[in-house]
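Take a look at the structure below.
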Amino acid sequence: MCEAPDEATAICELAGRLCYNSFNKRRPGGTREYFHHILASGHGSVLEHASYTFLFADVSRSLTHELVRHRHFSYSQRSQRYVDESDAPVVVPFDLRDDYTAWQNAEGMRNDPDLARPVWNDALFRFHHWAMQVEESLGTYRLLVKEMEAKLKDNPDLTDQTQLRKRIRQTSRSILPACVATQICVTGNARAWRGFLDQRATIHAEPEIRQLAGLVHEKLLAVSPELFGDYLVSGNDCLLTNYRKV
Ligand SMILES: Cc1cc2nc3c(=O)[nH]c(=O)nc-3n(C[C@H](O)[C@H](O)[C@H](O)COP(=O)(O)OP(=O)(O)OC[C@H]3O[C@@H](n4cnc5c(N)ncnc54)[C@H](O)[C@@H]3O)c2cc1C
């Protein structure tokens with residue numbers, strides 16, 4: 001009944017065509033032309049029948065704080081109450097990444113007896129200062145875990161070990177920085193993902209989530225080119241389309 005190249009697109013085409021019983025009244029251009037018409041006419045509810053799930057790993061808590069504002073997605077995120085964050089990796093903010101590279105190069109020089117000692121400069125200072133503060137927060141987190149354990153372990157109301165661990169971690173996590181990495185599983189329909197791309201693959205979005213939006217678009221385009229092929233990739237991970245907010 002439908003010529004769509006993938007199941008997600010096929011189900012949307014089926015749903016759309018049944019509205020006007022247009023299975024036998026096809027325009028030239030096939031599925032591609034059909035969705036061009038759907039997007040141009042803003043008939044976006046048809047796109048809600050296709051669903052896509054992503055697992056985002058090693059993204060910062062700042063990013064997920066922005067991500068969860070998109071209300072049409074379903075989320076499952078690693079819990080900082082259940083999971084210990086003592087060895088949490090962190091995400092270096094976008095504008096400190098070149099400083100981080102400079103710092104790594106300097107570390108290489110420091111550790112190689114045959115190389116000259118690195119000269120302390122602004123880039124090294126900036127990264128060093130940031131990294132020290134992050135390490136301080138993580139150090140305080142580890143200390144708090146120990147201190148809260150000592151404080152709560154003999155509490156007669158906390159015999160359940162899971163409840164005890166939650167109480168320890170929920171207090172300790174208050175000191176964790178927003179750059180701590182996390183994992184989040186996100187499910188949404190094609191319309192919701194388009195809304196996400198419209199808002200986050202723009203120069204106004206924070207670089208980490210903008211970069212993620214670019215990667216999401218690559219994957220969606222590979223799976224369902226008819227539903228996401230109107231986005232043109234421009235510089236700085238931005239996407240352009242004539243069909244925003246369908
Ligand atoms: C560059 C940028 C900067 C931002 N800065 C800030 C900031 O400083 N502070 C801040 O708090 N947030 C900020 N946000 C988040 C922003 O305000 C939105 O919360 C987020 O982008 C989600 O988009 P949304 O609300 O349009 O809708 P989504 O939740 O993604 O829903 C999509 C659409 O569904 C409709 N919809 C959803 N829920 C409702 C509803 N309850 N009633 C009516 N219609 C609804 C709307 O048409 C909406 O556009 C920023 C976002 C961006 C992209």
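The values are calculated or read from the model by the stated rules, or taken from the named source; none is laboratory data. Owing to the predicted nature of the structure, the values given are computational and were not obtained by experimental measurement. All Cβ positions, even for glycine, are placed from backbone atoms using ideal geometry, and neighbour counts span all protein chains on display. Keep in mind that these areas ignore ligands, DNA and RNA; they rest on the heavy atoms of the full protein, side chains included. Shrake-Rupley method; radii C 1.70, N 1.55, O 1.52, S 1.80 Å.
Couple of notes before you dig in:
- Counting only protein heavy atoms and a 1.4 Å probe, segment 23-118 has 63 square angstrom of accessible area per residue.
- Think of segment 16-140 as having a plus end and a minus end, set by charges on the Cβ of Lys, Arg, Asp and Glu; of Leu96, Pro113, Tyr20, Tyr20 sits farthest toward the positive end of this dipole.
- Taken about its Cα centre, the chain carries a charge dipole of roughly 920 debye when the Cβ of each Lys and Arg holds +1 and the Cβ of each Asp and Glu holds -1.
- Projected label distance in nm at Ile203 and Arg142, using a 7 Å step from Cα toward the beta-carbon: 4.4 nm
- Trp120, Trp103, reordered so the largest accessible area comes first (probe 1.4 Å): Trp120, Trp103
- Among Pro118, Pro93, Pro156, the largest mean-square fluctuation in a Gaussian network model of the chain, built with springs joining Cα atoms closer than 10 Å, belongs to Pro156.
- Average accessible area per residue (Å²) across segment 143-203 - probe 1.4 Å, nucleic acids and ligands excluded: 52 Å²
- Contact order normalised by residue count of the chain, Cα under 8 Å, 6+ apart, percent: 30 percent
- Solvent-accessible area of segment 88-246 (1.4 angstrom probe, protein heavy atoms only): carbon and sulfur portion equals 52 percent.
- Shape category assigned to segment 62-196 from the gyration tensor of Cα positions, a/c cut at 1.5: oblate
- Lysine-lysine proximity count for the chain, Cα under 24 Å, sequence distance 8 or more or distinct chains: 4
- 0 to 90° range, to nearest 10: angle between helix 122-152 axis and the chain longest Cα axis: 80 degrees
- Peptides 12-19, 94-101, 192-199 ordered by packing proxy, namely the average of other Cβ atoms within 10 Å per residue, highest first: 192-199, 12-19, 94-101.
- Helix-only arithmetic for the chain: the sum of -39500 (n - 2.57) across DSSP H runs with n ≥ 4, divided by the residue total, places the mean residue ellipticity at 222 nm at -16000 deg cm²/dmol.
- Whether the chain is rounded, prolate or oblate, judged on the alpha carbon gyration tensor where a/c under 1.5 counts as rounded: oblate
- Length gained when the stretch Tyr75-Glu149 is fully extended (0.36 nm per residue, less Cα-Cα span): 23.6 nm
- The listed residues Leu144, Leu239, once ranked by accessible area (1.4 Å probe) with the largest placed first, stand as Leu144, Leu239.
- Label-to-label distance, nm, for residues given as Phe23 and Ala116 (7 Å Cα→Cβ offset): 7.7 nm
- Once C-alpha pairs closer than 8 Å and six or more residues apart are averaged by separation and normalised to the residue number of segment 72-212, the relative contact order reads 41 percent.
- Point-charge dipole on Cβ atoms (K/R +1, D/E -1) for segment 1-76, about Cα centre, debye to 20: 280 debye
- Heavy-atom accessible area order for Leu143, Leu138, largest first, 1.4 Å probe: Leu143, Leu138
- Close amide H contacts of Val59 (hydrogens built in the peptide plane, cut-off under 5 Å, sequence separation of 5 or more or a different chain): Thr182.
- Under the Karplus curve 6.51 cos²θ - 1.76 cosθ + 1.60, θ = phi - 60°, whole-Hz ³J(HN,Hα) for segment 7-18, x wherever Gly or Pro sits: 4, 4, 5, 4, 5, 5, 5, 4, 4, x, 5, 5
- Applying the Karplus relation 6.51 cos²θ - 1.76 cosθ + 1.60 with θ = phi - 60° to segment 97-113 yields 3J(HN,Hα) values of 5, 5, 5, 4, 4, 4, 5, 4, 4, 5, 4, x, 5, 4, 8, 10, x Hz, where x marks Gly and Pro.
- Vicinal HN-Hα couplings computed from phi for segment 191-203 (Karplus, 6.51 cos²θ - 1.76 cosθ + 1.60; Hz; Gly/Pro x): 5, 5, 5, 5, x, 4, 4, 4, 8, 9, 8, 10, 5
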